[in-house]
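Heads up, the thing below is written out as C-alpha cells.
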Amino acid sequence: MSRNIADVKNTFIEIFGIEPEVFRAPGRINIIGEHTDYNDGFVLPAAIDLAVYVFIQKSGSDRSKLISVDLDESYSFSIDESLTPVGQGWVNYFLGVIDQLQQAGHELEGFNLMFTSDIPIGSGLSSSAALECGFGEALIDLFGIGVEKMELAKIGQSAEHKFAGVKCGIMDQFASCMGRDGHVVKLDCKSLEYEYYPVDFKAYDLVLFDSNVKHNLADSQYNIRRNQCEEGVQILQQFNAAIKSLRDATLEDLAHAKSSIDEVVFRRSKYVIEENTRVEEVCEALLAGEIEKVGQIMLETHNGLSKDYEVSCSELDLLIEIAMSCDGFIGGRMMGGGFGGCTINLIRKEQVDDVIEQVVSSYKKSTGIDAKVYRVAIGDGVGRHK
Ligand code: ADP
Ligand code: MG
C-alpha cells in the first residue's frame, strides 16, 4: 500500500486529536463476462487485495472535513447543507454517498475523514467504486445505520450516477461490497441474484498489464454498442417473442434471424450470447479446478471482443499477442469497456517474472509506451480494516 496505515492513523490523531475507525474497500477484477451487464447477462467479478482505506471519526458538530492523503487536498462542508456536485472531482464520490443516505432518510452527523488508496486510478480496477463503498461502510458503521451490503452497492452506484455523472452498471460496487476472499461471484445482472464460486488458481497467478492508453472512442462506441444490442433484440423478438434481451437469446435464435439482421449487429449479438455461455463455462472449469481451460476461455473472450464486438484496440491486442508468445501464459483478455485500460492474464507462477519482462519490453519496443504491471490476488469485500 502506498502509505502505511499506522502513519495515516497517527496523522489523523495529530490533526483531529482522536483515534479514527479504519475501513477498507477493495478494487475489483472481472474474470469474464464483458459487455454482458447491460444485456441483462452474467459477470464474474472478484474483490482484490488493492483497496481504499478510510479513517473516520465523529466531529461532534455539523462540520465535516474530507482529506485526500494521496492528492494532499481537503474539503470542508456542513452535513446540513443541501449537497450538489463540486469542482474537486474526488469530493463528489463522498457527497454523492451522503446524499443517497440522506435521501433514504438516514440521519448523519458531522465527521472528519482521511483516506488513502493503493488502487491505481482510472486503470479499470474501480478505484471510484471502492471510494464510494469504503466511505458508505464507514458512515453506516459510525452512525449505526441499518443498510445491508447489497443496498450499499446500489447507493454507491447511484452516487456515481448523480454526483460523478458516470452511468455505470452495478458490478463494480457489487464486487467491492460483496467480494469474498478465495471466491469469485457470479452476478446475474437481471435479477441481481449472485452465487459464490471458490477459486484456486493453483500453479498460476493473476497479472494485469495496463496498456497505459485511453482512446477517447470509448464513450461514443459504448453507446453505439448498446444501441446495436437493442437492435439485435428487436429483430430476434420478431422470431421469438420471449426474447427480451440478448441474455434470453441462443445462437440458434440468432441463426434463424440471420438473413434479417445487419451483419455488424449480428456479430455484436453473437459475441454477447457466446460471452454469457462463457461465464457459465468458466464457473464450471473453476469448480473442476481446470485453470488452463479458464485461460483458454478468456482468450476466446478476447478474440470476440476484438473481432466481433470491436471494442479492443491495437495496444490491447498487442499485449495479448506478446503474452501468447511467452512460455507460462495460459490465457488472458482485455478487461473492462475497452479502447484502453488493462488486460487480465493467467501466468504460471515460476514464469511470471520472465513473462512480465518480455511483455513490458516488447510492448515498449513496438509502441514506445511503458505498460504498467499489477499483480493482484483475490481478497475480501468492504469492511472494518483488521
Ligand atoms: P476507476 O476505473 O479507477 O474507477 P474512475 O475514473 O471511475 O476510474 O475513478 C477515478 C476517480 O476516483 C479519480 O479521478 C478520483 O476522483 C477518484 N479517486 C480514486 N482514487 C483516489 C485517491 N486515491 N485519491 C483521491 N481520489 C481518488
Ligand atoms: Mg470507476
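The values are calculated or read from the model by the stated rules, or taken from the named source; none is laboratory data. On a predicted model such as this, the values are computed, not experimentally measured, just so you know. All Cβ positions, glycine included, derive from the backbone under ideal geometry; neighbour counts span all protein chains shown. Quick note on the areas: whole protein, heavy atoms, side chains included, nothing else; ligands and nucleic acids left out. Shrake-Rupley method; radii C 1.70, N 1.55, O 1.52, S 1.80 Å.
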(message) Please go through segment 121-143 and give me each residue that is within 7 Å of ligand 1 (Cβ to nearest atom), closer than 26 Å to ASN10 by Cβ and either without any contact (Cβ under 8 Å) to a residue 12 or more places away in the chain or touching a Phe, Trp or Tyr at 6+ places or on another chain (Cβ under 8 Å) (or both), ordered by number.
(response) ILE121, LEU131
(request) Scan segment 68-85 for residues that are within 11 Å of ligand 1 (Cβ to nearest atom), loosely packed, with under 11 Cβ neighbours inside 10 Å and among the polar types (S, T, N, Q) and report the count. (result) 0
(request) Please state which one of LYS293, LYS307 is open to solvent by 30 Å² or more (accessible area, probe 1.4 Å) and under 24 Å from ASN223 (Cβ atoms). (result) LYS307
(request) Kindly indicate the residue of segment 135-150 that is outside any loop (DSSP other than H, G, I, E, B) and over 10 Å from GLN173 (Cα atoms) and also most open to solvent (accessible area, probe 1.4 Å) among those meeting that condition. (result) ASP141
(message) Can you find, within segment 315-329, the residue that is farthest from the chain's Cα centre (by Cα) among those that are closer than 22 Å to ASN216 by Cβ and surrounded by fewer than 22 Cβ atoms within 10 Å (Cβ to Cβ)?
(response) LEU318
(message) Yes or no: segment 94-104 includes at least one residue that is β-branched (Val, Ile, Thr), under 23 Å from the mean Cα position of the chain (by Cα) and more than 11 Å from ligand 1 (Cβ to nearest atom).
(response) yes
(message) Within segment 109-120, take every residue that is more than 11 Å from ligand 1 (Cβ to nearest atom) and either modelled with pLDDT under 95 or open to solvent by less than 10 Å² (accessible area, probe 1.4 Å) (or both) and give me the one that is nearest to the chain's Cα centre (by Cα).
(response) LEU113
(request) Answer with yes or no whether ALA175 is open to solvent by less than 20 Å² (accessible area, probe 1.4 Å), in a helix (DSSP H, G or I) and away from ligand 1 (no atom under 16 Å from the Cβ). (result) no
(message) Given the options VAL355, VAL373, VAL359, name the one that is open to solvent by less than 40 Å² (accessible area, probe 1.4 Å) and under 30 Å from TYR222 (Cα atoms).
(response) VAL359
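Residues checked against (1) out of contact with any Gly (no Cβ under 9 Å at 6 or more places or on another chain); (2) under 30 Å from SER74 (Cβ atoms); (3) surrounded by fewer than 24 Cβ atoms within 10 Å (Cβ to Cβ):
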site	(1), (2), (3)
ALA25	no, yes, no
THR36	yes, no, no
VAL43	no, no, no
ALA46	no, no, no
ASP49	no, yes, yes
PHE55	yes, yes, no
(request) Being of a type in the set (A, V, I, L, M, F, W, C) and near ligand 1 (Cβ under 8 Å from one of its atoms) is the filter here, so list the residues in segment 144-172 that pass it. (result) ALA164, VAL166, CYS168
(request) Test GLY87 against the stated conditions and say whether it is over 23 Å from PRO45 (Cα atoms) and not in a helix (DSSP H, G or I). (result) yes
(message) Among the residues that make up segment 217-232, is at least one of them open to solvent by 20 Å² or more (accessible area, probe 1.4 Å) and in a strand (DSSP E or B)?
(response) no
(request) Check off (1) of a type outside the set (Val, Ile, Thr); (2) modelled with pLDDT under 95; (3) surrounded by fewer than 21 Cβ atoms within 10 Å (Cβ to Cβ) for HIS106 and give me the number that stays unchecked. (result) (2)
